[in-house]
Amino acid sequence: MQLSCNNNHFILLLQLCSINFMGVVRNTKAIQELTSLFLDDEKALSVVEIVNQLSSKMNKTTVYRALKRLEDDEVLHSFIDRDGLKCYAKNRDSNKKEVHPHFHCKSCGISICVPFEYEIPKYQSHKIESAQVLLYGKCDKCL
Ligand SMILES: [Zn+2]
Ligand SMILES: [Zn+2]
């Protein structure tokens, strides 16, 4: 009796471990799938594009969770484009600056990181913590 009780505990423990393990594996896979979308260094992807491209592989919640993790780990950064959509782009040396502008093409809708330095202006005694500069126009392919 005692033995079977222990066995049950052991099996339960194993089940709990495997659930955690599966969770980790799935999460890592989501991270891999996501980072593989960002092969182009400059091009940003909106959440809608990201969710659509991964819709056959994972659900929205998993995508959002993985995006948040990649942003927290400073693999990606985000900004809001002209349509109010959150966009993500890869972090690299030329855009490590906390604030760099983004360009949004009104013809093809592409959003890219612009490797310019941009300094947040000082404003009296106010503390500005973040700023966003969105350049808007036509890209070289649409001109
Ligand atoms: Zn364009
Ligand atoms: Zn950027």
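Read-outs: derived from the displayed coordinates by stated rules, not from any lab. This structure is a prediction, so every number in the text was calculated from the model and none was measured. Neighbour counts are summed over all protein chains in view; Cβ atoms, including those assigned to glycine, are modelled from backbone coordinates with ideal geometry.
Here are some notes:
- Filter result (surrounded by 12 or more Cβ atoms within 10 Å (Cβ to Cβ) and touching a Lys or Arg at 6+ places or on another chain (Cβ under 6 Å)) within the range 106-130: Ile112
- Subset of the range 55-96 [among the β-branched types (Val, Ile, Thr) and either within 16 Å of ligand 1 (Cβ to nearest atom) or touching a residue at least 12 places away in the same chain (Cβ under 8 Å) (or both)]: Thr62, Val63, Val75, Ile80
- Test: residue in the range 55-67 that is more than 16 Å from Gln132 (Cα to Cα), within 16 Å of ligand 2 (Cβ to nearest atom) and not small (Gly, Ala, Ser): yes
- Every pair of residues 6+ apart whose Cβ atoms lie under 7 Å, when the first sits in the range 131-143 and is surrounded by 12 or more Cβ atoms within 10 Å (Cβ to Cβ) while the second is aromatic (Phe, Trp, Tyr) and not in a strand (DSSP E or B): Val133/Tyr118
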